[in-house]
1. Please state, to two decimals, what the Cα-based radius of gyration of the range 163-210 comes to when divided by 2.2 N^0.38 Å (N = residues).
2. Using a 1.4 Å probe and ignoring any ligands, DNA or RNA, find the accessible area of residue 238 and quote it in Å² to the nearest 10.
3. Excluding residue 141 itself, what net charge comes from residues whose Cβ is under 15 Å from its Cβ, given Lys and Arg +1 and Asp and Glu -1?
4. Compactness ratio of the range 161-300: Cα Rg over 2.2 N^0.38 Å, N = residue count?
5. With a sphere of radius 15 Å drawn around the Cβ of residue 217, what net charge do the other residues whose Cβ falls strictly inside it have (Lys, Arg +1; Asp, Glu -1)?
6. Principal axes first, then extents: for the Cα atoms of the range 129-238, list largest minus smallest coordinate on each axis, whole Å, largest first.
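The values are calculated or read from the model by the stated rules, or taken from the named source; none is laboratory data. Computed from a prediction, not measured in an experiment: that's the story for all the values here. As a convention, Cβ positions derive from the backbone with ideal geometry for all residues, glycine included, and neighbour counts pool all protein chains shown. Areas reflect the complete protein model, heavy atoms only, side chains present, ligands, DNA and RNA absent. Shrake-Rupley method; radii C 1.70, N 1.55, O 1.52, S 1.80 Å.
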Amino acid sequence: MLRACRLLVFCALASIGFSVSAHSADLGDDSAKAASTWPTTYLDLRTNYATLPANTLSIGFSNPSLSSVLAALQSLQTLTNSPALPARSLPSSRSLGVDVPLTVDLDQLSLYGGFSGTTSQAGQSDWSAFMVTSWNVGFQADLYKQNGGSIPTITLQSTFTRAVPDSPLATSSLNTVVESSYALNTDETKGLLAGVQYTMVAIDSSLAAISPNIIGYVGGYYQWDNNWKVTGRAGVQSFGGAQLLSLTPFPAFTQPIVRFDLDRMDDNDNRLFGVTAEIAWTPKPAYELTIRTPLYLVRH
């Protein structure tokens, strides 16, 4: 996994460097030409609130979901190190976080990298101080475009996330999503979705292990003439369970998961605002709400 993660980081950074070099070569002294040549670039600011039931790890659909798991592990480490009473289980928890990936949209390829900051509260304890909990780098690529044909668009997304600061429960994760999108009209304003997500999480301690998480789902989307777009996904999350230090193992489960997105787009399909709601049964429900407010540096 570590070799794969290093390869992902290297490829993403190399792609960014090649893209910047290619665009820089076309830039002249004319600032208008520079603005038109540089690709769409923005901070994809995401603010999220998540809840986890007791004795549960739910990775869910997205990187914000994984951030809530990292916050729960940090709370677990604090409880385990308590001299008063070593924890034997993970209490229910809540987390409030911010994800700040810098994103560059190229032709059929998006590259991104950034960090996540989180504050969390577990059991009866107070909210923790807000701190950076992880950094991530990744890409999203259209492997095939439908373009009015009968074969759907195939998209590949892969994200490497590393928890910080380093600790006995520090994690490295690789999240990969393959999704097909079949447009039902030539404007591609309505269509069907199907995909699978595979997440590997490695813990630095040999005394702990988290099994892979797999999600299979179907869904659809519809975009109105005023550029509001709604997307729904429903599927099944299968988690292989986890063993963390001396705690009772977290059992494996296979349960439903749903996600709804409401986005405000511009005429060029750039996101201006978005809200995402996710419910994952573990088997008790875990909730997450994410608000997306992109900050554009360059927009086409």
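1. Cα-based Rg divided by the globular estimate yields 1.91.
2. That residue has around 50 Å² of solvent-accessible surface.
3. Working: positive: 145; negative: 105, 107, 142, 179.
Residues close to residue 141 contribute a combined charge of -3.
4. 1.27
5. Result for the local shell: -1.
6. Cα spread of the range 129-238 along its principal axes, largest to smallest: 52, 28, 23 Å.
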